[in-house]
Amino acid sequence: MQSSSMNLDRGANVRFPRILGHESIGVVESIGEHVDGFKQGDVVLPVFHPHCEECRDCKSSKSNWCTRFAEDYFSNTRRYGMASRFKDFLGEDIHHFLFVSSFSEYTVIDIAHLVKISREVSVDKATLLSCGVSTGIGAAWKVANVEEGSTIAVFGLGAVGLAVVEGARLRGAAKIIGVDINPDKFEIGKKFGITEFVNPSMCGEKKISEVVKEMTEGGVDYSFVCVGLNSSISEAFTSTRTGTGKTVVMGIDKYSDSCGSLFKKGA
Ligand SMILES: [Zn+2]
């Protein structure tokens, strides 16, 4: 399971009011002092995951968990002492969200959270690369490094889950099992590469993991969790092959202290 030091403690860090939004595309309108590498008019993708380009993890080919900045995802700007760059009409702080705050016409973003892209790319499609599609495809392609002929189970077929399917198909997975309580997702999933489908509400007395193990003679090589439920994480983990299976978790349970611990332990 993927390891991280992501701080999921919502307690004192959840401050409001806050400008939400983390998936978007934009054009650089102005640049602060001492900022290199970007210029006015650049088309940029904001990404909440930082990349300082200097720390051990940013330089590593195995990790993208920036150890310099990836601590508190609910804080404001970290490079400059956690100050908020947004104020209301009374001069009070409005807090950032995931360092991007894209539900606004203008925002302020540290360059550690910006990726410059070509003007040739269609912006309505490129915005999906700001989180959902890159998260899903990256999980299959980079984190799991799915090999040709592998067996896969994807729990949750929303935007991220379907992108995992896309990534697994591109890497040549032989069997891709989609798991979702919405039966319509089977037909949608087929367009991305799902070969088989499991609806948990149709499994009767059997656990999903039992069904997946029966379908794969002992479990999948890789399972991916794209649902924010601890029970799904547990079932996905149990669905993998004993000894060699790998589970990649993208969904985070909203009440999950245990999930936070799980991430911190790198289980
Ligand atoms: Zn870094």
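For residue 217, state whether it is out of contact with any strand residue (DSSP E or B) (no Cβ under 6 Å at 6 or more places or on another chain), loosely packed, with under 15 Cβ neighbours inside 10 Å and either more than 14 Å from residue 248 (Cβ to Cβ) or outside the structural domain of residue 241 (by TED's automatic domain parsing) (or both). Against the criterion (out of contact with any strand residue (DSSP E or B) (no Cβ under 6 Å at 6 or more places or on another chain), loosely packed, with under 15 Cβ neighbours inside 10 Å and either more than 14 Å from residue 248 (Cβ to Cβ) or outside the structural domain of residue 241 (by TED's automatic domain parsing) (or both)), residue 217 qualifies. Applying the selection to segment 220-251, what residues are in a loop (DSSP other than H, G, I, E, B) and in contact (Cβ under 8 Å) with a residue 40 or more places away in the chain? The answer is 221, 226, 227, 239, 250, 251. The residues of segment 39-63 that are in contact with a helix residue (DSSP H, G or I) (Cβ under 7 Å, 6 or more places away or on another chain) and open to solvent by 40 Å² or more (accessible area, probe 1.4 Å), listed by number, are 48, 51. The set of residues in segment 223-248 being modelled with pLDDT of 95 or more and open to solvent by less than 20 Å² (accessible area, probe 1.4 Å) consists of 223, 224, 225, 236, 239, 240, 247, 248.
Number of residues in segment 123-144 that are within 16 Å of residue 176 (Cβ to Cβ) and without any contact (Cβ under 8 Å) to a residue 60 or more places away in the chain equals 2.
Among the residues of segment 1-39, those identified as touching a strand residue (DSSP E or B) at 6+ places or on another chain (Cβ under 8 Å), at pLDDT below 50 and assigned to a loop (DSSP other than H, G, I, E, B) are 1, 2. What's the number of the condition residue 72 fails, among (1) in contact with an Asp or Glu (Cβ under 6 Å, 6 or more places away or on another chain); (2) of a type outside the set (A, V, I, L, M); (3) more than 25 Å from residue 163 (Cβ to Cβ)? Against the list (1) in contact with an Asp or Glu (Cβ under 6 Å, 6 or more places away or on another chain); (2) of a type outside the set (A, V, I, L, M); (3) more than 25 Å from residue 163 (Cβ to Cβ), residue 72 comes up short only on (1).
Scanning segment 145-172 for residues that are touching a residue at least 40 places away in the same chain (Cβ under 8 Å), within 18 Å of residue 220 (Cα to Cα) and buried (at least 23 other Cβ atoms within 10 Å of the Cβ) turns up 146, 151, 152, 153, 154, 155, 156, 157, 161, 164, 168.
Collect the residues in segment 32-72 that are in contact with a Leu (Cβ under 6 Å, 6 or more places away or on another chain) and within 16 Å of the ligand (Cβ to nearest atom), keeping them in residue-number order. The one that is in contact with a Leu (Cβ under 6 Å, 6 or more places away or on another chain) and within 16 Å of the ligand (Cβ to nearest atom): 48. Quick check on residue 141: is it outside the structural domain of residue 42 (by TED's automatic domain parsing) and not in a strand (DSSP E or B)? In short, yes.
The values are calculated or read from the model by the stated rules, or taken from the named source; none is laboratory data. Computed from a predicted structure; not experimentally measured. For neighbour counting, all protein chains shown are included, and Cβ atoms are generated from backbone atoms with ideal geometry for every residue, glycine included. For accessibility, only protein heavy atoms count, side chains too; no ligands or nucleic acids. Shrake-Rupley method; radii C 1.70, N 1.55, O 1.52, S 1.80 Å.
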